[in-house]
Amino acid sequence: MIMKKLFSMIAFVLTTVGLSAQIDSTAFMKQLCSVEGISDVKPLETTCFKEKYVMKIEQQIDWQTRAKGTFGERIIIGMRGEDKPTVLVTEGYFANYGLNPNYEEELSRMFDANVILCEYRYFAESVPQPTDWDYMTVDNSLADYHHVRQSLGTIFKGKWISTGISKGGQTTMFYRATYPDDVDVSVSYVAPLNRSVEDGRHEKFLAKQVGTKQERKAIKVAMQELMRRKADIMPMFRNYCEEHGYKFYLPEEDIYDYCVLEYPFALWQWGTPVSTIPSKDADTKTWFDNLMKVASPDYFAYPNEFMPFDVQASRELGYYGYDLKPIKKWASVKDTKGYLKAIMLPDSLRGYDFDSTLYDRTVKYLRENDPTHIFIYGEIDPWSASGVCTWLDCKKKDNMRVYVQPRGSHKARINTMPEEVKREIVDRLTKWLME
């Protein structure tokens, strides 16, 4: 968010899970096994925690009625002490990365805290069977997290912190607005709050606001150069897609255009230096390689492991649109409206209409309340165009704060902030955790 592109930066997949050297069940493991609904508790290797486990917790498919059945949501727990703070990671996608022995969250490291990493419903090992997409809703996911909090609150007695990155940061925001008393502190990283399927603010941000005028011009020139060379690049593009087994819902000629349209968003999102754009006299292979590095067609290919997100984006999370004008004279694509459903979703999942209830409810909560909640954004990250940093005024609030890292990208964190700002954030969090 995307948020989904966040995972192109951490695309390693753990094929093996090292088990802890301990053979006998510890007292803590026995506690976990005794929690109602917890099953398949397995120890994990860890370099960061005293003990670490992966398990399943039983969740309702539909939190309005248990008659729809249940499924197992994967959670990963790193334990440092039952009386220490606990970081509840409201992941928006997969939890695979949590299996890494070196896994640790920024906040758990700062405050010597436990971690509970929750995989989002309908992703990886947390998919209900049969899979009814009507129940892939934000409110159902929030009820999942609320259930985790209630169940494991019997073990972890210290302060609770909810946090997440990108779509996970959104989830933290929605979770706090829906269950405000579940946690003591919330930290949302680079979390957009989109008001429609094609929000509209991102195109203006990319065209007129991000970076310098010279940088924006260089990117526009690059997009046009990629389109001028389209006929020469297409054979390489087709071979690349064939070699990688990519399939698309649209013709490859259109997918190429969308890769070029995605180019400025992807470049700014990850903070790729504008200086890496090839010169106009560079050979065509150099231009092709640059496009594949910045905006590869894998983003538009199916089968798509991020499809659960695409369903939610079209239904209630919203997304961004594209400005076709800079490349329209060369493009085979004539109109980008509705591209998310057309490119990302099969026919069977294109029937959901966007509902702004979640957006409206969250905006109302943040304006009318003052939770102990910190928002972190990157200045050049296009997702900041629809972030709360664009409208949330915290001047009259005692608690809630928004921080924007100068020239920061989607990788903005507390530790990437200027030292003075970082100290302010840490001091504020420390105060909340000691109250």
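The values are calculated or read from the model by the stated rules, or taken from the named source; none is laboratory data. On a predicted model such as this, the values are computed, not experimentally measured, just so you know. Note: ideal-geometry Cβ built from the backbone for every residue, glycine included; neighbour counts use all protein chains shown. Remember, those area values only see protein heavy atoms, side chains included, never the ligands or the DNA or RNA. Shrake-Rupley method; radii C 1.70, N 1.55, O 1.52, S 1.80 Å.
For this structure, a couple of remarks:
- Boolean, Tyr359 is farther than 18 Å from Thr163 by Cβ, among the aromatic types (Phe, Trp, Tyr) and assigned to a helix (DSSP H, G or I): yes
- Some residue of region 415-431 being open to solvent by 40 Å² or more (accessible area, probe 1.4 Å), within 21 Å of the chain's Cα centre (by Cα) and farther than 13 Å from Thr372 by Cα: yes
- Unmet requirement for Lys5, which otherwise passes all of (1) modelled with pLDDT of 95 or more; (2) within 21 Å of Tyr97 (Cα to Cα): (1)
- Pairing each residue of region 351-366 that is farther than 19 Å from Cys389 by Cβ with any residue that is open to solvent by 80 Å² or more (accessible area, probe 1.4 Å) and modelled with pLDDT of 95 or more, provided the two are 6+ apart or on different chains, yields C-beta distances under 8 Å for Ser356/Arg195.
- Scan of region 270-287 for residues that are outside any helix (DSSP H, G or I) and either open to solvent by less than 30 Å² (accessible area, probe 1.4 Å) or within 21 Å of Tyr299 (Cβ to Cβ) (or both), ordered by number: Trp270, Gly271, Thr272, Pro273, Ile277, Pro278, Ala282
- Index of the failed condition, Ser186 passing every other in (1) touching a His at 6+ places or on another chain (Cβ under 7 Å); (2) surrounded by fewer than 21 Cβ atoms within 10 Å (Cβ to Cβ): (2)
- Taking the criterion of being among the β-branched types (Val, Ile, Thr) and open to solvent by 30 Å² or more (accessible area, probe 1.4 Å), the only residue of region 307-359 that qualifies is Thr357.
- Qualifying residue in region 161-179 (condition: in a loop (DSSP other than H, G, I, E, B) and open to solvent by 10 Å² or more (accessible area, probe 1.4 Å)): yes
- Across region 90-102, the number of residues qualifying as assigned to a loop (DSSP other than H, G, I, E, B) and open to solvent by less than 10 Å² (accessible area, probe 1.4 Å) comes to 3.
- Scope region 235-269; condition not hydrophobic (A, V, I, L, M, F, W, C) and not in a helix (DSSP H, G or I); matching residues: Gly245, Tyr246, Lys247, Tyr249, Pro251
- Among residues of region 349-398, those that are among the acidic types (Asp, Glu) and in contact with a strand residue (DSSP E or B) (Cβ under 7 Å, 6 or more places away or on another chain), counted: 1
- Of the residues making up region 362-379, those that are open to solvent by 10 Å² or more (accessible area, probe 1.4 Å), under 30 Å from Gly271 (Cα atoms) and either touching a Gly at 6+ places or on another chain (Cβ under 9 Å) or assigned to a helix (DSSP H, G or I) (or both) are Val363, Glu379.
- Looking only at region 198-212, and only at residues there that are of a type in the set (A, V, I, L, M) and in a helix (DSSP H, G or I), the one that is least open to solvent (accessible area, probe 1.4 Å): Leu206
- Of the candidates Leu250, Leu267, the single residue that is aliphatic (A, V, I, L, M) and open to solvent by 40 Å² or more (accessible area, probe 1.4 Å) is Leu250.
- Checked against the criterion of being in contact with an Asp or Glu (Cβ under 7 Å, 6 or more places away or on another chain) and either of a type in the set (Phe, Trp, Tyr) or open to solvent by less than 10 Å² (accessible area, probe 1.4 Å) (or both), region 213-233 has no qualifying residue.
- Close contacts from region 128-150, counting a first residue that is over 21 Å from Leu88 (Cα atoms) and a second that is in a loop (DSSP other than H, G, I, E, B) and of a type in the set (A, V, I, L, M), with Cβ to Cβ under 8 Å and a gap of 6+ residues or different chains, come to Pro128/Ile61; Asp132/Ile61; Tyr135/Ile61.
- Qualifying residue in region 251-262 (condition: hydroxyl-bearing (Ser, Thr, Tyr), closer than 25 Å to Val311 by Cβ and out of contact with any His (no Cβ under 9 Å at 6 or more places or on another chain)): yes
- Test: residue in region 103-126 that is open to solvent by less than 10 Å² (accessible area, probe 1.4 Å) and in a helix (DSSP H, G or I): yes
- Filtered residues of region 36-89 (kept if open to solvent by 30 Å² or more (accessible area, probe 1.4 Å), farther than 29 Å from Leu429 by Cα and assigned to a loop (DSSP other than H, G, I, E, B)): Glu36, Glu45, Trp63, Gln64, Thr65
- Among the residues making up region 234-251, those that are closer than 14 Å to Ala331 by Cβ and of a type in the set (A, V, I, L, M) are Met234, Leu250.
- Checking the stated criteria, Arg195 turns out not to satisfy the condition of being surrounded by fewer than 21 Cβ atoms within 10 Å (Cβ to Cβ) and either among the aliphatic types (A, V, I, L, M) or in a helix (DSSP H, G or I) (or both).
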